[in-house]
Amino acid sequence: MIRPLLIASFAFMLPLGAFAAPNTDGLARMENGSFDQVYVRDGWTMPNDLSLASVNLNVGTPLQESIMGTRDLERLRSTFEDDLRDATVADGTVSLEVTLTELIPNRVLAGRSSRYQGYHESFGIGGAAMEAVFRDASTGEVLMVIVDRRRGRSLNQNFHMQSRRVWGDADDILEDWASELPQGL
């Protein structure tokens, strides 16, 4: 029998990835309402021919990855990569490299306990964090860096609590980034 336990967030259970901006030497910080941190090379503007170079996953230790399920993490990465590839061109003048640095599920199935029969299910607010680097495709020069971390809605407004989707908030955030990143600023 599964007994639901309500918790505010899994962040304390799964401290995933670091939230530090990549190297931003020569870039100026820019205020932006969509992303937490944006750094841009002076005078550069987003072209229409952005191509996707890679989507990587760097969410922590192998133990953390095994807790969350390597298959689930790869599905999230792959779906996000497909969505981004659909929104970009094959051979652009600017390439985009994205690293997912944090993925937090809405639902976790915990191990057995002697106090209760069976497994325990925990619910919480999911989320994700990423670093995106825009490079000149021919020189490799870094033109823009975006760093962002997002969480789902509060527990009383989070419809993923009722739907029981494991990765509901993370899926929604990745979909948002897939449409926002190709537009840049």
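Looking at the range 62-82, is at least one residue part of a strand (DSSP E or B), of a type outside the set (Phe, Trp, Tyr), surrounded by fewer than 20 Cβ atoms within 10 Å (Cβ to Cβ) and modelled with pLDDT of 80 or more? Checking the range 62-82: not a single residue is part of a strand (DSSP E or B), of a type outside the set (Phe, Trp, Tyr), surrounded by fewer than 20 Cβ atoms within 10 Å (Cβ to Cβ) and modelled with pLDDT of 80 or more.
Phe123 fulfils the conditions (1) modelled with pLDDT under 75; (2) under 28 Å from Asn23 (Cβ atoms); (3) touching a Lys or Arg at 6+ places or on another chain (Cβ under 7 Å); (4) of a type outside the set (Lys, Arg) except for a single criterion, (2). When His160 is tested against the conditions (1) loosely packed, with under 15 Cβ neighbours inside 10 Å; (2) at pLDDT below 60, the lone failure is (1). Looking at Arg29, is it modelled with pLDDT of 90 or more, at negative phi and surrounded by fewer than 14 Cβ atoms within 10 Å (Cβ to Cβ)? Against the criterion (modelled with pLDDT of 90 or more, at negative phi and surrounded by fewer than 14 Cβ atoms within 10 Å (Cβ to Cβ)), Arg29 qualifies.
The values are calculated or read from the model by the stated rules, or taken from the named source; none is laboratory data. Since the structure is predicted, the reported quantities are computational estimates derived from the model, not experimental observations. No Cβ is skipped: glycine too gets one built from the backbone with ideal geometry, and neighbour counts run over all protein chains shown.
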